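S.K.: Dumping the structure here so I can ask a few things about it.
The values are calculated or read from the model by the stated rules, or taken from the named source; none is laboratory data. From a predicted model like this one, the values you see are computed outputs, not experimental measurements. With ideal geometry, Cβ positions are generated from the backbone for all residues, glycine too; neighbour counts draw on all protein chains shown. These accessible areas exclude ligands, DNA and RNA; they are computed on the full protein's heavy atoms, side chains included. Shrake-Rupley method; radii C 1.70, N 1.55, O 1.52, S 1.80 Å.
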Amino acid sequence: MTEAARAAAENPSGLSGQSAVDDLVALLDLERIEENIFRGVSPAESPLRVFGGQVAGQALVAASRTVPVERRVHSLHSYFIRPGDPRVPIVYEVDRIRDGRSFTTRRVVAVQHGKAIFSLSASFQVEEQGVEHASPMPDVPDPETLPTWVESARGYLPPNIKFPRPIDVRYVTSPPWESREDGPGEAASRVWMKADGKLPDDPMLHLCVMTYASDMTLLDGVLARHGVYWGLDKVLGASLDHAMWFHRPFRADEWLLYDTSSPSASGNRGLATGQFFTRDGALVATVVQEGLIRVIKPSPGEA
């Protein structure tokens, strides 16, 4: 691992704000250990398994390190295969599938304990001009008028959560831990989010930070539809796959509206879709994820 990544992993400088953003940038700065092999770490303060957005963001970093800088990632498709262990480094093996005149394709496998925990395929393209259209952004309040995540969670979630939060998240819709008190509701969620500090100007880094953040709140619509939430109800869940399409340039340290919804849930799986908009209304990315959602009903004696 790089010295910066090692320092961020072993001695996180803060749970939010610029210091947390600096730690995230350091964690995304993978160590190159061979021509197509990279190594990443997890923060010292981590959940029992590696956060899905982290491994997706690091895998995209690994892929991008083997692609010319003038080729920008336009899509990724990934699968979460096994839970990641935050106590040990993750090795990312890049396969250079194709280098064409306009497009470049890479496949990345993340490995721990000799087994694949995650796989990603990403496509990169030289900049081209062509037809343009996009869905309009919904009308929502400005992020500055909304409470912070900590303020929204106060009184609902444990106050001693010590995980780093380098992404500032502000709910436009009612947070699922609050809306669950009214029972099942609309299968949708809207939040403003951005890096909680200033990022370097590297466009690829902003794409990787968005990839990291895109795994946050995405399944909220599934939970809201059934009036449950992690930690407050008996809900087991995990990301199963994750796909993204990047449409237009953006900065991940400026406010982005993440408009998500869930069109279906079945077979203990919930499907969620999302769109990222800039403050001026530009649609910059689309996300689709299927997640494992097991709601354990209380027994008659527990009800």
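S.K.: Among the listed residues Ser214, Ser189, Ser239, which satisfies the condition of being more than 24 Å from Arg71 (Cα to Cα), out of contact with any Pro (no Cβ under 9 Å at 6 or more places or on another chain) and hydroxyl-bearing (Ser, Thr, Tyr)?
M.R.: Ser239
S.K.: Among the residues of region 175-188, are any basic (Lys, Arg), modelled with pLDDT under 90, buried (at least 17 other Cβ atoms within 10 Å of the Cβ) and more than 22 Å from the chain's Cα centre (by Cα)? Break it down stepwise before answering.
M.R.: Within region 175-188, the first condition is being basic (Lys, Arg), and the residues that meet it are 180.
Filter once more, keeping what is modelled with pLDDT under 90: 180.
Still in the list and also buried (at least 17 other Cβ atoms within 10 Å of the Cβ): 180.
Narrowing further to those that are more than 22 Å from the chain's Cα centre (by Cα): 180.
So far as region 175-188 goes, yes, one or more of its residues are basic (Lys, Arg), modelled with pLDDT under 90, buried (at least 17 other Cβ atoms within 10 Å of the Cβ) and more than 22 Å from the chain's Cα centre (by Cα).
S.K.: In addition: Quick one: would you say Ile97 is open to solvent by 60 Å² or more (accessible area, probe 1.4 Å), closer than 23 Å to Ala243 by Cβ and either of a type in the set (A, V, I, L, M, F, W, C) or at pLDDT 95 or above (or both)?
M.R.: Judged against the criteria, Ile97 is a match.
S.K.: In region 78-101, how many are of a type outside the set (Val, Ile, Thr) and under 18 Å from Met204 (Cβ atoms)? Break it down stepwise before answering.
M.R.: Here is the first cut: in region 78-101, the residues of a type outside the set (Val, Ile, Thr) are 78-80, 82-87, 89, 92-93, 95-96, 98-101.
Among the residues that remain, those that are also under 18 Å from Met204 (Cβ atoms) are: 78, 92, 96, 99.
Counting residues in region 78-101 that are of a type outside the set (Val, Ile, Thr) and under 18 Å from Met204 (Cβ atoms) gives 4.
S.K.: Somewhere in region 197-208, is a residue buried (at least 18 other Cβ atoms within 10 Å of the Cβ) and assigned to a loop (DSSP other than H, G, I, E, B)?
M.R.: yes
S.K.: Just the residues that are over 30 Å from Glu93 (Cβ atoms) and touching a residue at least 40 places away in the same chain (Cβ under 8 Å), please, taken from region 107-141.
M.R.: If the condition is that a residue be over 30 Å from Glu93 (Cβ atoms) and touching a residue at least 40 places away in the same chain (Cβ under 8 Å), then Ala134, Ser135, Pro136, Met137, Pro138, Val140 are the ones that fit.
S.K.: What's the total number of residues in region 102-119 that are touching a strand residue (DSSP E or B) at 6+ places or on another chain (Cβ under 8 Å) and either exposed (fewer than 14 other Cβ atoms within 10 Å of the Cβ) or not in a strand (DSSP E or B) (or both)?
M.R.: Matching residues across region 102-119 total 3.
S.K.: Run down Val288, Val284 and say which single residue is in contact with a strand residue (DSSP E or B) (Cβ under 7 Å, 6 or more places away or on another chain), hydrophobic (A, V, I, L, M, F, W, C), more than 21 Å from Tyr79 (Cα to Cα) and part of a strand (DSSP E or B).
M.R.: Val284
S.K.: Only residues in region 229-241 that are closer than 23 Å to Arg82 by Cβ count as the first member; pair them with residues that are of a type in the set (D, E, K, R) and buried (at least 17 other Cβ atoms within 10 Å of the Cβ), Cβ under 7 angstrom, at least 6 apart or cross-chain, and list the lot.
M.R.: Ser239/Asp215; Leu240/Glu290; Asp241/Glu290
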